[in-house]
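Everything below concerns the one structure shown next.
No lab work stands behind these numbers, since they all come straight from the coordinates. If you're wondering where the values come from, they're calculated on a predicted model, not measured in any experiment. A quick note on method: Cβ atoms are made from the backbone with ideal geometry, for glycine too, and the neighbour counts reach across all protein chains shown.
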Amino acid sequence: MDSAARPALPAPPRQGRRGDASIRPMPASPRSRIRVLVADDHRPFAESLALAIEREKDLSAIVALSALDALESAERDLPSVALVDVELRGMGGIEAIRRIRAASGDTNVIALFADDDLAQARALEAGARGFISTVTPLAEVPAMIRMAARGVPLVEGEEVNRLFRVLRHRRHQESTERQRASRLTPRQLEILQLLSDGISPSAIAEQLHMRPATLRTHVQNILTRLGAHSKVEAVSIAMRHGKIATTA
């Protein structure tokens, strides 16, 4: 799969009504076929991938277009394998993976479009057997589905350990950022909010009735307190931890 968004796949079957919650399994599938849930909120891609899966004699497919639909389908249809987009609409793909595994323990999950270390680590932590990225060749997907259906991990233990180290490091960073952000003063938060609103330093100084040099000192103190290297990074940290409002 070599597209930055969604890879090109065979044309999907005729679409159902826009309001359909999920696409039911295609008819006349023998019971011996491996049932696969495709959970992706991009309808054309999801249906095209399901069609490609259906072309395999031993595979059948179901489509869900949201996290809630995916969870309901997992509980109702008991697929052997679920392909779940990590950015799935609703509760989110990672939480959907966790809930699918909890609700249907026999369903093995493969995360779709986990293209960076953190997404891959979070998917594995949530219970995924492995992941398919945008550069995974489509020809490899059926074999990955068959392996997952047998409960075979798709990621080597050494790589799993590396990804979990990345995740632990990121969580340590987030904890440190959260602690630093909690020590910002009301005045510092006010300055960060104004910076995030796109107001120039000279206008901020005038609005807060302070000299430009005083504002520069405040900004430098903010950067030091947050361990940030720029105003943009400082604003991003404050937003990420809910200290200032997200800009529209």
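Here are a few things to note about the model shown:
- As a length-normalised measure over Cα pairs under 8 Å and 6 or more apart, the relative contact order of the chain settles at 14 percent.
- Counted by neighbouring Cβ atoms within 10 Å, the residues Ser80, Ser236 run from fewest to most as Ser236, Ser80.
- Candidates Ala143, Ala103, Ala39, ranked by Gaussian network fluctuation over the chain, Cα under 10 Å, top entry: Ala143
- Size of electric dipole in the chain: Cβ of Lys, Arg +1 and of Asp, Glu -1, about Cα centre, debye, nearest 20: 580 debye
- Gyration tensor verdict on segment 22-154 (Cα atoms; rounded if a/c is under 1.5, prolate if a/b is larger than b/c, oblate otherwise): rounded
- Under-5 Å amide H pairs with Ser133, H placed in peptide plane, nonlocal only: Phe113
- DSSP bridge pairs, the chain: antiparallel proportion in percent, nearest 5: 10 percent
- Counting neighbouring Cβ atoms within 10 Å and putting the fewest first, the residues Met210, Met144 line up as Met210, Met144.
- Rg/Rh for the chain, where both radii come from Cα atoms and Rh is the Kirkwood radius: 1.13
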